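> This is the structure I want to talk about, given as structure tokens.
The values are calculated or read from the model by the stated rules, or taken from the named source; none is laboratory data. Since the structure is predicted, the reported quantities are computational estimates derived from the model, not experimental observations. When we count neighbours, we look across all protein chains shown, and the Cβ atoms used for this are built from the backbone with ideal geometry, even at glycine. Just so you know, the surface numbers come from the protein's heavy atoms only, side chains and all, with ligands and any DNA or RNA stripped out. Shrake-Rupley method; radii C 1.70, N 1.55, O 1.52, S 1.80 Å.
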Amino acid sequence: MSRRKFAQIKIFAIGLIIVAALVLLAPEVAYARLPSSYVDKVQEAGYEWWSDILALSEVKSTVDGWFENDAMYDFSSLEPVVIAVIDSGIDAEHDLFSGDKEKTDESAGEFDVLLRDNDGNVVGRNTVQNDRNVSDVAKDGHGTHVAGIAATLIHSLGLEKYIKIMPVRAGTSDVGGGASFAVADVKEGIEFALEHGADVVNMSIESTSSDFDIVSDEWAKSAIFVAAAGNGRSIFGSRQGYDSAYRKCYPAASENVIGVMNISNERDEDGGLKLSASSNYGDAYDLCAPGSDFFGAAKGAESDYVSKSGTSMAAPVVAFASALALLKFRASEAATHVSKSVEEVKEIVKFSYSSSITKNDRKLKVLDMAWLADARDDIYAKVDVLSGKEKQHLGDVSPVKLKLNVLPATLYEKGRVEWALNDPDGECAGEGFEFTFTPENAVADIVVYARWTPDTDEEERKVVASRTVVVRYVEFTQGNVDRLKLGIRGEGGEVLTSVPFDKKEGYVLTFEGADNFDPDIAKGIRWYANGKQIGTGKQVVFKPDGGGKYEIYVSVNGISSGKCVVEFKADKTLAYVAYALIAASVLIVIILVIVRVYGSFRAKKSNVNKK
């Protein structure tokens with residue numbers, strides 16, 4: 001062997017040793033391992049629309065950081081955080097629960113997310129038949145799908161070792177293909193879950209009966225309870241959610257439960273998040289999370305997936321977020337010896353929002369899992385919108401009423417709050433825990449800061465929170481284009497639909513609020529009169545061929561407005577004079593004829609008399 005060849009092999013070997021050393025000495029990091037069947041059929045097919053809403057990549061980065069920060073977090077001796085799923089049971093053989101079937105014997109069970117005893121049996125309970133058979137009784141696989149959503153999130157963050165699922169079957173099959181639940185069976189399921197170490201209890205069940213208001217204060221000290229807000233009622237073939245002011249669903253509306261509403265996979269006209277039409281909503285519930293068109297485990301098909309929608313699918317997202325928070329604070333306690341109770345963590349989960357969805361004037365908080373993963377203080381503050389719109393448009397700006405919300409809640413209205421615009425250290429624009437301001441009618445992002453000095457026994461500290469109110473150009477949506485008032489610009493700038501016709505002059509066609517639209521996009525507006533294009537832009541000069549009515553409409557980016565009838569009235573003064581002259585001439589002719597006839601008649605009569 002040549003020396004050169006030997007040197008190359010030597011360098012390659014040294015490189016392998018260095019790589020191996022880096023791997024062995026690297027800090028323990030949570031690596032994601034989704035089943036290959038899920039990756040192929042769901043992830044690569046682009047069905048994880050909810051991933052961006054949950055900022056899953058950001059959450060993953062934060063979670064990985066926990067495992068690299070030995071000074072703040074110690075995971076070495078932690079028991080897994082357990083999510084009990086009280087539902088119709090599960091299909092435990094599905095890939096999402098047991099992991100890939102292609103695993104080698106050495107890795108078997110490494111990616112299993114089910115809680116098991118020392119003999120490898122699933123820790124679970126069937127409270128209907130009082131046995132350990134937790135197989136899914138619902139024909140539609142409701143429980144399998146619900147638990148599968150929690151499993152998906154566990155895999156996505158690589159936390160199979162640290163968060164486990166405990167299935168509890170408390171339902172019976174119903175004629176609709178789902179499951180029905182008796183209060184006694186659900187209560188027994190909760191008792192079993194708590195006795196066997198559940199830290200979070202998910203209940204994707206709903207009832208308008210207060211008999212399901214069953215979570216006691218004592219239970220709430222042991223675990224975080226999460227429940228689905230429910231899916232309203234069917235009206236003319238579509239489901240419409242209830243406002244909790246008129247009808248509540250339990251256990252989600254219970255004081256000791258985090259009630260979860262369902263975010264739609266569709267967006268509103270402004271591109272913002274939208275609540276699913278079927279989701280119940282209101283002040284009785286706490287957070288909104290993705291739950292529409294959610295692909296999850298399919299019952300009876302180990303490697304297949306099915307899409308389901310409803311608050312049942314949103315609840316396990318918040319249940320997982322609760323488990324994530326408990327895991328973080330327990331690892332922090334192990335490293336720093338500073339603890340938080342289950343009740344304190346529950347309040348932090350409820351406080352984990354940064355935006356809201358408006359539904360019938362209700363401000364509904366949206367789960368911010370990235371904020372929750374990063375939260376580690378003992379005092380928190382957020383700026384809530386009490387009334388008004390966070391996103392406004394030119395020509396329609398209105399007051400926004402804000403409120404500083406704080407945690408612990410006992411500190412509310414204690415201490416001093418100053419408000420400032422666009423600069424956290426800027427001039428004080430108002431004081432108090434509530435503040436109202438009206439943005440200027442100009443395109444801008446207005447960051448409203450609240451500077452809070454809490455009234456505590458500790459040395460003086462300042463907590464700063466903010467909310468951004470934006471003013472934008474009016475967007476060319478179908479709804480906005482349909483509402484355009486087209487016409488002729490008058491001398492005072494008003495829009496008219498009827499003017500006198502003048503052959504010599506052109507007329508400026510425009511629409512109300514033309515300056516409120518993005519000028520770059522407005523360049524592409526096409527104007528039509530009686531089906532013929534007459535110009536482009538926010539306004540055009542139109543010279544009609546003659547007086548009369550013209551159908552005017554505009555089109556932009558493939559969106560057309562409704563037709564507006566504009567009338568150009570001809571000046572009829574000369575016509576009236578002509579008509580008058582003609583009438584006078586006719587009258588004179590008639591008179592002359594009468595006079596002549598009369599004269600002729602008199603002449604004939606005179607001749608007769610002479611004879």
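> Is there a residue in the stretch 168-183 that is at pLDDT 95 or above and within 30 Å of L56 (Cα to Cα)?
Within the stretch 168-183 (the criterion being at pLDDT 95 or above and within 30 Å of L56 (Cα to Cα)), the answer is yes, since at least one residue qualifies.
> Suppose the filter is in a strand (DSSP E or B), open to solvent by less than 40 Å² (accessible area, probe 1.4 Å) and touching a Phe, Trp or Tyr at 6+ places or on another chain (Cβ under 9 Å); does V186 pass it?
Working: in a strand (DSSP E or B): no; open to solvent by less than 40 Å² (accessible area, probe 1.4 Å): yes; touching a Phe, Trp or Tyr at 6+ places or on another chain (Cβ under 9 Å): yes.
Taking the combined requirement at face value, the residue does not satisfy it.
> Restricting the search to the stretch 163-178, which residues are surrounded by fewer than 24 Cβ atoms within 10 Å (Cβ to Cβ) and either touching a residue at least 24 places away in the same chain (Cβ under 8 Å) or touching a strand residue (DSSP E or B) at 6+ places or on another chain (Cβ under 6 Å) (or both)? Spell out how you get there, then give the answer.
Applying the first criterion (surrounded by fewer than 24 Cβ atoms within 10 Å (Cβ to Cβ)) to the stretch 163-178 yields 172-178.
Correct list: T172, S173, D174, G177, G178.
> Checking F111 against (1) touching a Ser or Thr at 6+ places or on another chain (Cβ under 9 Å); (2) farther than 20 Å from G300 by Cβ; (3) at pLDDT 95 or above, only one condition comes out false. Which one?
Only one criterion in (1) touching a Ser or Thr at 6+ places or on another chain (Cβ under 9 Å); (2) farther than 20 Å from G300 by Cβ; (3) at pLDDT 95 or above is unmet by F111, namely (3).
> Just the residues that are surrounded by fewer than 18 Cβ atoms within 10 Å (Cβ to Cβ), in contact with a helix residue (DSSP H, G or I) (Cβ under 9 Å, 6 or more places away or on another chain) and either in contact (Cβ under 8 Å) with a residue 60 or more places away in the chain or assigned to a loop (DSSP other than H, G, I, E, B) (or both), please, taken from the stretch 203-215.
The one that is surrounded by fewer than 18 Cβ atoms within 10 Å (Cβ to Cβ), in contact with a helix residue (DSSP H, G or I) (Cβ under 9 Å, 6 or more places away or on another chain) and either in contact (Cβ under 8 Å) with a residue 60 or more places away in the chain or assigned to a loop (DSSP other than H, G, I, E, B) (or both): S209.
> Being in contact (Cβ under 8 Å) with a residue 40 or more places away in the chain and crowded, with 16+ Cβ neighbours inside 10 Å is the filter; apply it to the stretch 450-465 and report the residue that is nearest to A409 (Cα to Cα).
P454
> Of all residues in the stretch 422-446, which are part of a strand (DSSP E or B) and out of contact with any Gly (no Cβ under 9 Å at 6 or more places or on another chain)?
Initially, the stretch 422-446 is screened for residues part of a strand (DSSP E or B), giving 430-431, 434-437, 444-446.
Result: G430, E431, E434, F435, A444, D445, I446.
> Only one of S339, S355 is open to solvent by 20 Å² or more (accessible area, probe 1.4 Å), under 21 Å from F433 (Cβ atoms) and modelled with pLDDT under 95. Can you tell me which? Even if it seems obvious, please write down each step before you answer.
Details: S339 fails: under 21 Å from F433 (Cβ atoms).
It is S355.
> Right, next: Please determine whether any residue of the stretch 290-313 is closer than 15 Å to S356 by Cβ and open to solvent by 40 Å² or more (accessible area, probe 1.4 Å).
no
> Shifting gears a bit: Let me confirm something: among V481, V469, V495, which residue is touching a residue at least 12 places away in the same chain (Cβ under 8 Å), surrounded by 12 or more Cβ atoms within 10 Å (Cβ to Cβ) and closer than 30 Å to F351 by Cα?
Matching residue, one of V481, V469, V495: V469.
> Here's a check for you: in the stretch 533-564, which residue that is hydrophobic (A, V, I, L, M, F, W, C) and over 19 Å from G493 (Cα atoms) is surrounded by the fewest Cβ atoms within 10 Å (Cβ to Cβ)? Before you say what the answer is, go through the steps one by one.
In the first step, residues of the stretch 533-564 are kept if they are hydrophobic (A, V, I, L, M, F, W, C); the result is 534, 540-542, 552, 554, 556, 559, 564.
Among the residues that remain, those that are also over 19 Å from G493 (Cα atoms) are: 534, 554, 556, 559.
Values: I534: 17, V554: 25, V556: 17, I559: 14.
Per the stated criteria, the residue is I559.
> Out of curiosity, is A245 assigned to a loop (DSSP other than H, G, I, E, B), at pLDDT below 95 and not basic (K, R)? Steps first, answer last, please.
On the way: assigned to a loop (DSSP other than H, G, I, E, B): yes; at pLDDT below 95: yes; not basic (K, R): yes.
Yes: the conditions hold for A245.
> Hey, another quick one. For L394, only one of the following conditions fails: (1) hydrophobic (A, V, I, L, M, F, W, C); (2) free of Cβ contacts under 8 Å to residues at least 60 places away in the same chain; (3) farther than 25 Å from K365 by Cβ. What is its number?
(2)
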